Amino acid sequence: MQVKSILTADQFTRNDLDMILKNTARIENLLKKHKQLKILNEYILATMFFEPSTRTRLSFESAMHRLGGNVITAVGMQFSSLAKGETLYDTLKVLESYADICAIRHPKEGASTVAAKSISIPVINAGDGAGEHPTQAILDLYTISVHKDITQKKIKVGFVGDIKYGRTIHSLIKLLSNYNATFVFISPPEIGLPDKYKDTLKDLRIDFQETSDIQALADCDVGYITRIQEERFLDHATYEQFKDLYIINKNFLKSCRQDIIIMHPLPRLNEVSTDIDQMPQAVYFKQAEYGLYSRMTLLLYVTGQLDKLDAFT
């Protein structure tokens, strides 16, 4: 088995991304004809989620089942031997004997990299604290590619909300930097873009703007909205100050470009109003659906089995 972990959005080249997008589209179309693509029927995926998750964990597990594979899971620190004081290293070394792939979510930034250095099976970063979430970024990139011609046209992407702790934003910035994209970061300065990401954009000579004014979203092609993450704040008063600052509703969309798409990694609180759910601009539920197809692609990618898709076409 070819061992290829997914730890950071930095690891993908433009050619990698184009290939992943192409195969994700293939899988989306194939699933209209087949309930299962039995390619990984001899494989076991371990989902190790030490932070809450719905879409990421379930889409990974569904993706593995759709590929004919099997899943074992551990959810929550309190339900694993980590609660007894076992080190993450020991947990992973044991897991290595039970599974062929490990998807891990952990509250500590860099945990997936530690995991990949500890075990010999592919490790997939399913979110590491306030660090990165590369597989979410892949499905986000696919969502944008479905609605916007990112390979040929320049696009302007507005990120709204928690830019500092928003790991989905951090990873998506890196992926979009491979395309002709410019960025607007809309947030209070206290939860603005960390300097290391600004420095990267400056080094790449990619245009970006920082503002606290939500009206900056009006002329964007993509609006990527995030919730203010209460669990990342040490000071609850600061969270209360920011939690209702930006709300995207039907009235606000009237001031935006008619062809803007509104994305959200979910879960949402009230930052995206339900009154836009049925509007063509709202693509966040499709975005969640695309997580299945993209994670099927990534499971085939880390196991070196992407070429097996040819048997279904």
How big is the stretch 1-160 by the Kirkwood estimate over distinct Cα pairs, in Å?
-> 16.9
Which distance in nm do the two modelled labels at D18 and S97 give, with both placed 7 Å along the Cα-to-Cβ direction?
-> 4.6
The simple spin-label model distance between I72 and Q209, using points 7 Å out along Cα→Cβ, in nm, is 5.3
Förster radius 35 Å - calculated FRET efficiency between L269 and K153, Cβ distance, rounded to 0.05 = 0.60
Taking every pair of Cα atoms in the stretch 213-313, average 1/r, invert it to obtain the Kirkwood radius, and report Rg/Rh to two decimals.
-> 1.12
Helix-derived [θ] at 222 nm for the chain: sum -39500 (n - 2.57) over DSSP H runs of at least 4, divide by residue count, nearest 500?
-> -10500 deg cm²/dmol
What size of dipole, in debye to the nearest 20, comes out for the chain about its Cα centre when the only charges are +1 on Lys and Arg C-beta atoms and -1 on Asp and Glu C-beta atoms?
-> 860
Which listed pairs, of K154/K254; K117/K154; K38/K153; K117/K308; K108/K250, have C-alpha distances above 32 Å, in listed order | K117/K154; K38/K153; K108/K250
Using 1/(1 + (r/R0)^6) with R0 = 45 angstrom and r between the beta carbons of Y89 and S62, what's the FRET efficiency to the nearest 0.05?
-> 0.95
Quick numbers on the stretch 134-287, Rg and Dmax over C-alpha atoms in Å, give 14.5, 45
So what J values fall out for the stretch 99-111 if you push phi through Karplus, 6.51 cos²θ - 1.76 cosθ + 1.60 with θ = phi - 60°, rounded to Hz, Gly and Pro as x?
-> 9, 9, 9, 10, 9, 10, 10, 8, x, 8, 4, x, 4
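FYI, it's all coordinate maths here, none of it is from the lab. Just so it is clear, the structure is predicted and the values come from calculations on it, not from any experiment. Positions of Cβ are backbone-derived with ideal geometry, glycine not excepted, and every protein chain shown enters the neighbour counts.
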